[in-house]
Amino acid sequence: MGREVRRVPLDFDWPLNKVWEGFLTPDRFDEEDCPDCRNGYSPQAQNLYDLWYGKLSFDPASTGSTPFRYDSPAVRARAEQNVSQAPDYYGTGEAAIVREGQRLADLFNRAWSHHLSQADVDALIAGGRLYDFTHVVVPGKGWQPKDTPVRPTASEVNEWSLRGFGHDGINAHVVIQARCEREGIEERCSTCKGHGSIEKYEGQRAEAEAWEPIEPPKGDGWQLWETVSEGSPVSPVFATADELAGWMSDPARGNRWVPPAAAAKFIEDGWAPSFVGTSSMGVMSGVEWVGHHVADEK
Ligand SMILES: [Zn+2]
């Protein structure tokens, strides 16, 4: 993410800050919504999905889980936190904490996502999820597996799911998929084969997959592009690198101003490795200081 230099024709006139059309997937690849599903699941799998999020009536006993109570430690902790953060809303004191604890317990008890079975947990571990339990962050290396493999219990994971962000959509999918397999349920919608949409004509999907972005035309001009979106020009087209550097280091650009030496170095790096400009990573690692300032330019 950042800025890169592109060499474009001198008369290239694509509007500034508008994503170059060649980078965007054409509308002709949009498919029809599937008439028989919402997101590619079979009716049975859709039920599981709704149970996961508490949109269908869920019973903790169905997964062998125990309902949370207002005074379950993890519920109580959340209730205390909520009350202390907004006393004007919740009121204060023990009564407010108990009331909020009961509300939270009722909420948590309505969703499968807070009442996983051990088989569900095992599926998540097998799917490379639950890093909070199985991995540790090592400085400079990121997430690393723990020396001794960990198999958290269902109740540990369910308590964890009450804190912080809990499960994401990928976890939901992993658990639903594994349960369908265990119970011999077809997971995917038979109409759309799990895509959630159907082709407007035969071969549309294959065409979409074969589609590749079209680069802007190349030429003798010098132009600054942002790559925070798919990519759009953010400067006029200049005839020389020096002119572009001059534009970048023009004090009139206010907080987008880049020191002249840094601009020159950035343009040199942005051009040299691959003709149409380096990736933003190249800019970042090559001239970190420049990259820093350039990345700030939003
Ligand atoms: Zn479908």
- prompt: By count of other Cβ within 10 Å, fewest leading, how are TRP143, TRP14, TRP222 ordered?
  reply: TRP143, TRP14, TRP222
- line: In the range 31-121, the trypsin sites (Lys or Arg not before Pro) that sit in a DSSP loop and have at most 15 other Cβ atoms within 10 Å of their own Cβ are ARG38, LYS55, ARG69
query: When Rg is the radius of gyration of the Cα atoms in the chain and Rh is its Kirkwood radius, what does Rg/Rh come to?
result: 1.11
statement: With Cα coordinates, the longest principal axis of the chain makes an angle with the long axis of helix 73-85, in degrees rounded to 10, of 60 degrees
- prompt: Where the only charges are on Cβ atoms (+1 Lys, Arg; -1 Asp, Glu), what is the dipole of the chain about its Cα centre, to the nearest 20 debye?
  reply: 920 debye
- prompt: Which listed residue (GLY166, TYR90, GLY40) has the Cα farthest towards the positive end of the charge dipole for the chain, taking +1 on Lys and Arg C-beta and -1 on Asp and Glu C-beta about the Cα centre?
  reply: TYR90
- request: Sum up the charges of everything whose Cβ sits under 13 Å from the Cβ of GLY164, counting Lys and Arg as +1 and Asp and Glu as -1, but leave GLY164 out.
  value: -1
query: Which net charge results for the neighbourhood of GLN81, defined as the other residues with beta-carbon distances under 11 angstrom from its beta-carbon, given Lys and Arg at +1 and Asp and Glu at -1?
result: +1
task: Considering the options TRP222, SER232, GLY22, tell which one lies farthest towards the positive end of the dipole of the chain, charges being +1 on Lys and Arg and -1 on Asp and Glu at the Cβ, about the Cα centre.
output: SER232
message: Using alpha carbons only, how many angstrom separate the centre of the range 197-233 from the centre of the range 50-113?
response: 47 Å
- prompt: In nm, to one decimal, how far is the modelled label at GLU21 from the one at TYR131, with both set 7 Å along Cα→Cβ?
  reply: 4.0 nm
task: Can you tell me how much longer the chain between ILE185 and ARG151 gets when fully stretched, taken as 0.36 nm per residue apart minus their C-alpha distance, in nm with one decimal?
output: 9.6 nm
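Just so you know, all these numbers are worked out from the coordinates, no wet-lab data involved. Not measured: the values here are computed from a predicted model. Counting neighbours? That spans all protein chains shown, and the Cβs are built from the backbone with ideal geometry, glycine included.
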